[in-house]
Each structure stands twice: as structure tokens, then as C-alpha cells.
1. Would you check if Ile53 is touching a Phe, Trp or Tyr at 6+ places or on another chain (Cβ under 8 Å) and outside any loop (DSSP other than H, G, I, E, B)?
2. Among the residues of the stretch 210-230, is any of a type in the set (Gly, Ala, Ser), surrounded by fewer than 21 Cβ atoms within 10 Å (Cβ to Cβ), closer than 23 Å to Arg29 by Cα and out of contact with any Lys or Arg (no Cβ under 9 Å at 6 or more places or on another chain)?
3. Quick one: is Ala61 under 19 Å from the mean Cα position of the chain (by Cα) and over 21 Å from Val116 (Cβ atoms)?
4. Listed residues Arg115, Arg64, Arg58; which is touching a Ser or Thr at 6+ places or on another chain (Cβ under 9 Å), surrounded by fewer than 16 Cβ atoms within 10 Å (Cβ to Cβ), at pLDDT below 95 and not hydroxyl-bearing (Ser, Thr, Tyr)?
5. Does Ala157 satisfy the condition of being out of contact with any Asp or Glu (no Cβ under 6 Å at 6 or more places or on another chain) and at pLDDT 95 or above?
6. Would you point out which residue out of Ala220, Ala165, Ala188 is among the small types (Gly, Ala, Ser), part of a helix (DSSP H, G or I) and either over 14 Å from Leu140 (Cα atoms) or modelled with pLDDT of 95 or more (or both)?
7. Answer yes or no as to whether Ala97 is at pLDDT below 95, of a type outside the set (S, T, N, Q) and outside any helix (DSSP H, G or I).
8. Does any residue of the stretch 19-37 turn out to be modelled with pLDDT under 95 and within 20 Å of Ala130 (Cβ to Cβ)?
Amino acid sequence: ELPGWRGDPNALRQAGELSTDGLLSAHNRRKKELLTYANSHTGLGFAEGILTIGFARRAAAYKRATLLFRDVERITRLAGGRVQFLFAGKAHPRDEAGHRIIQAVIQAGQRLDGRVRVGYLVNYTMWSGALITSGVDVWLNTPLRPYEASGTSGMKAALNGVPSASIADGWWAEAARDNENGWLIGDAENPDDAADAESLYKTLEERIVPMYYDRREQWATVMKQAIATGADFTAARMINDYKNQYYGS
């Protein structure tokens with residue numbers, strides 16, 4: 001419904017004019033496709049009607065994939081029956097620390113013992129990456145600031161109407177408008193695992209979960225604003241900037 005956006009990303013700025021019903025319907029089709037795939041690989045019974053949060057990227061220590069599980073009882077209370085999580089990503093074959101991170105996420109999900117669904121999609125590919133960045137409801141990013149150089153997965157999610165809940169690092173430090181096109185978590189100036197985890201739990205409990213279930217129109221508006229934000233984070237925009245600002249028109 002935004003013709004020409006691939007060639008001219010400025011078209012994305014008109015995302016606010018998208019039909020709410022059409023946007024949600026398109027997203028739900030992608031979500032169904034993702035969860036069908038996830039269930040076929042995990043057997044965990046992910047449900048289409050439950051808020052689904054995604055985290056998919058290279059397994060590296062600074063990305064803090066396990067931050068979500070810092071307080072297992074807290075995440076159980078706020079997410080049980082209301083939020084489910086899908087993780088994906090690879091580590092370099094020789095990166096033992098990265099493999100330990102993946103194992104830690106899988107074990108954390110197992111400790112929750114079905115109280116909260118947590119799945120890890122192995123054999124991460126460009127195809128499954130496209131599926132998860134378009135099919136989840138929220139994109140989670142919890143890097144230790146200031147080590148996130150960019151965060152391209154969040155940009156891809158935004159183009160699909162999937163808002164981020166993220167530390168203010170990488171692209172999100174520029175793009176975030178809290179509670180409008182996504183959510184800021186943590187203290188950008190004083191990164192701390194305990195404080196950042198608490199901020200994540202509080203944001204989920206007090207803002208994201210209530211909006212998703214109780215304020216459909218507002219949720220759709222956040223999705224539209226996420227798409228509009230993507231106009232500033234495309235290769236087309238970058239190339240045009242080089243052309244106009246460095247090489248002349």
C-alpha cells in the first residue's frame with residue numbers, strides 16, 4: 001500500500017495513512033507463517049494470539065541475549081500466558097563463548113518449564129531471518145552500550161511494522177521515539193545488567209503488554225510509526241546521501 005518505497009524510501013513516511021485493518025491482517029499472516037515454522041521445529045505450541053517477542057542476531061557477549069532471564073520468577077509473573085519469546089542466531093564455529101550463550105538461552109527456556117514459551121530457532125538463514133523479523137510483534141535488543149555499531153535486524157523489523165524495545169545504542173540511539181515508534185529500555189549513560197533488566201521488565205509489564213492487548217489502535221499507530229522511521233535507515237537513502245553530499249548531484 002506504499003507503492004515505490006523500494007526505490008524511494010521517502011514513501012515510507014506515509015505509513016500513517018495505511019489501513020489499520022489491512023496492516024494488522026498482513027502482519028498476522030506473517031506471524032502465523034512464523035509460528036507454524038517455529039512449532040514445526042520446536043514443538044512448543046506457540047500461539048498466534050499471544051504477544052511474541054523476537055531476538056535474532058549473532059551470538060556475542062555484548063548483545064546480552066540472556067539479560068531477559070536475569071530474574072526468572074519476575075519474567076514468569078509478567079509473561080506467563082501473555083508473552084512468548086523466539087530466539088535465533090548463530091555463533092562462529094570456533095567461537096566457544098558464542099556457543100555457550102546459545103546454550104544458556106536454551107537452558108533458560110527449559111528452566112521456565114512451559115510457564116513461558118521460549119524457543120530457539122537453529123540453523124538461522126536469510127530466509128528464517130526474514131520470517132522472524134516480519135512475524136514477531138516486538139523486536140528485542142539489549143546490547144551493552146556503546147558496543148552496538150548498527151543493529152540492522154531492528155531496521156529490518158521496523159520496515160515490517162515491528163517496533164523495537166531496545167537499549168539506546170546503534171541505530172536506536174538515533175531512531176527511538178519512546179512509546180511512539182517503539183520503546184527505550186535501560187539507562188543509556190549508565191549501563192548495568194541489573195538496572196537494564198529491571199527496566200526491561202517494567203517496560204514489558206507497564207507499557208508493552210497493556211498496549212498490545214488493550215489498545216489496538218494505539219498499537220497499530222506504533223507499528224505505522226516504526227515503518228515510517230525506516231525511511232531514514234535504508235541503503236537507498238544512504239546511497240542518495242553519498243551522491244548528493246559527497247559527489248554532487
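The values are calculated or read from the model by the stated rules, or taken from the named source; none is laboratory data. Being a predicted model, the structure only gives us computed values, none of them experimental. Positions of Cβ are backbone-derived with ideal geometry, glycine not excepted, and every protein chain shown enters the neighbour counts.
1. On the way: touching a Phe, Trp or Tyr at 6+ places or on another chain (Cβ under 8 Å): yes; outside any loop (DSSP other than H, G, I, E, B): yes.
Yes: the conditions hold for Ile53.
2. There is at least one residue in the stretch 210-230 that is of a type in the set (Gly, Ala, Ser), surrounded by fewer than 21 Cβ atoms within 10 Å (Cβ to Cβ), closer than 23 Å to Arg29 by Cα and out of contact with any Lys or Arg (no Cβ under 9 Å at 6 or more places or on another chain).
3. yes
4. On the way: Arg64 fails: surrounded by fewer than 16 Cβ atoms within 10 Å (Cβ to Cβ); Arg58 fails: touching a Ser or Thr at 6+ places or on another chain (Cβ under 9 Å).
Matching residue, one of Arg115, Arg64, Arg58: Arg115.
5. Working: out of contact with any Asp or Glu (no Cβ under 6 Å at 6 or more places or on another chain): yes; at pLDDT 95 or above: yes.
Yes: the conditions hold for Ala157.
6. Working: Ala165 fails: part of a helix (DSSP H, G or I); Ala188 fails: part of a helix (DSSP H, G or I).
Matching residue, one of Ala220, Ala165, Ala188: Ala220.
7. no
8. No, the conditions are met nowhere in the stretch 19-37.
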